[in-house]
Amino acid sequence: MEEYLNLLLEQIRCKKARPYIAEEMKGHIEEQILENIKSGMSKEEAEKEAICDMGSPIETGILLDKIHRPRMAWELIGMITIMSIIGIGIHFLIGNNVIASSRFTLHTVIGLGMMFLVYYIDYSMIARYSKILAFMLNGFYLWILFYGEKVNGTIFNMNFAGFHISLFSVMLLYIPLYGAIIYQYYGTGYNGIIKSIAWMLIPIFITRALPSFSLTVIFTISMTAILTIAVCKKWFAVSKKKVIAWLWGIVLCIPCLGIVVIYKLRLLSDYYMERLSNIVFSGSEKSYITKLLSSYLANSSIIGGGKEKIIGILPDFNTSYIIIYLIQQYGILMGIMVCCVLAVLIIKIFSICFKQKNQLGMIMGYGCGMVLLMNFIINILENFRLLPLSQTFLPFVSAGGSDLIVCYMLIGIILSIYRYKNIYPIHMDKIQNQLFSE
């Protein structure tokens, strides 16, 4: 049997696939050997007959090689290319700052380079060091909180060798890592659930120190959704209904309780207390920016630009409020078209994750998808004044080097997951202890 398997595996060009193919083929042969023994054959005859039933090792190996080989997600690559062209085109249409437009193009090129770099890194290797990377990210967050640059009293950036690194953007990489971390608790019970929740709470508490409403929402909902998917997939030996009910009950109730406590004890500065009061009691924020957003939306048309000036008046028009800029300058239809293209891209990402048989790849992919989806939804809702204003961006469209590069890195993880979709099995049980030893 060993000679047969060695000859078969020589036909498999992907070395990562060989251990799993060998395990699967050995299992089939051993099952057939047992059946042959039950029918009256000796052990030697049973093994010889089982191997003969498997066919030529050369032909079988060639057939398996065609199936178990790395794949490129060409559809996703095409969508990313289109989205990149749209983003670059929008910033050159803005035209008020050639340097800013060129900078966006440079960041897009760097992002594409990082995307392919992450693509060539096996996502299981990222998962192998997920806890170490998570500790490093949390340490980086705390470092920036103490030594980062303050903008309007809020810490968001770190100046490193002349480059401004956004804490908001880098923190988003924690979410796919969280998926890899909770995979390590596969097969455990409530103890695994408690540890998973602990890994969730650490970055959430850090985001509250910024403070950043949108980042806290993204972290809370995304990681809760990922943990919910894991529970639904029966990763933990627990009562699914009870755990999910408690999980989402706590997630929805704690923010409401927190708002009441903050308001009653006046734990925030006067500026933030006034914002909170306006949101809670009047349902909206009465600020200069919200008035501008309302004015631009009221005077926009289906096709064609509005008469009001936006450049130089609306802050962050090319970052947080890029949708309002497009609607005001080129019409509502333009804004809808850009959002639709981005929505199709996000749907494609979730489709890849849904079809992924490997559970580790699936959960990490959902983490990447949740980051893009939550930023997409929050940015649109804030642009239309349906959520309180905070730092936000539209993936692949808003200016901001850190935001853009992180988005492309997330796509790189998705491409890596797709690359090995026909290679890794549902669970990598035989090497799980080596990959995820605590």
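Brief remarks follow.
- Of all accessible heavy-atom area on segment 17-100, the percent that carbon and sulfur account for (1.4 Å): 61 percent
- Cβ crowding within 10 Å averaged over residues, with 118-130, 365-377, 44-56 ranked highest first: 365-377, 118-130, 44-56
- Solvent exposure of segment 26-145 as accessible area per residue, Å², 1.4 Å probe: 57 Å²
- Packing, as the average of other Cβ atoms within 10 Å across residues, places the peptides 104-113, 73-82 in the order 104-113, 73-82, highest first.
- Entries of Lys16/Lys348; Lys15/Lys43; Lys16/Lys242 with Cα pairs more than 29 Å apart: Lys15/Lys43; Lys16/Lys242
- Percentage relative contact order, segment 329-438, counting C-alpha pairs under 8 Å, at least six apart: 29 percent
- Within segment 1-90, the proportion of Cα pairs with more than 18 Å between them is 57 percent.
- Spin-label zone in segment 44-59 - amide nitrogen under 15 Å from a point set 7 Å from the Cα of Ile37 along the C-beta vector: 44-51
- Overall form of segment 42-143 per C-alpha gyration tensor (a/c, 1.5; a/b vs b/c): oblate
- Within segment 312-438: Cβ-based charge dipole about Cα centre, in debye rounded to nearest 20 (Lys, Arg +1; Asp, Glu -1): 480 debye
The values are calculated or read from the model by the stated rules, or taken from the named source; none is laboratory data. Just so we're clear, the structure is a prediction, and the values are computed from it rather than from any experiment. Cβ sites come from the backbone with ideal geometry, for glycine too, and all protein chains shown count toward neighbours. Side chains are part of the model used for accessible areas, which takes the heavy atoms of the whole protein and leaves out ligands, DNA and RNA. Shrake-Rupley method; radii C 1.70, N 1.55, O 1.52, S 1.80 Å.
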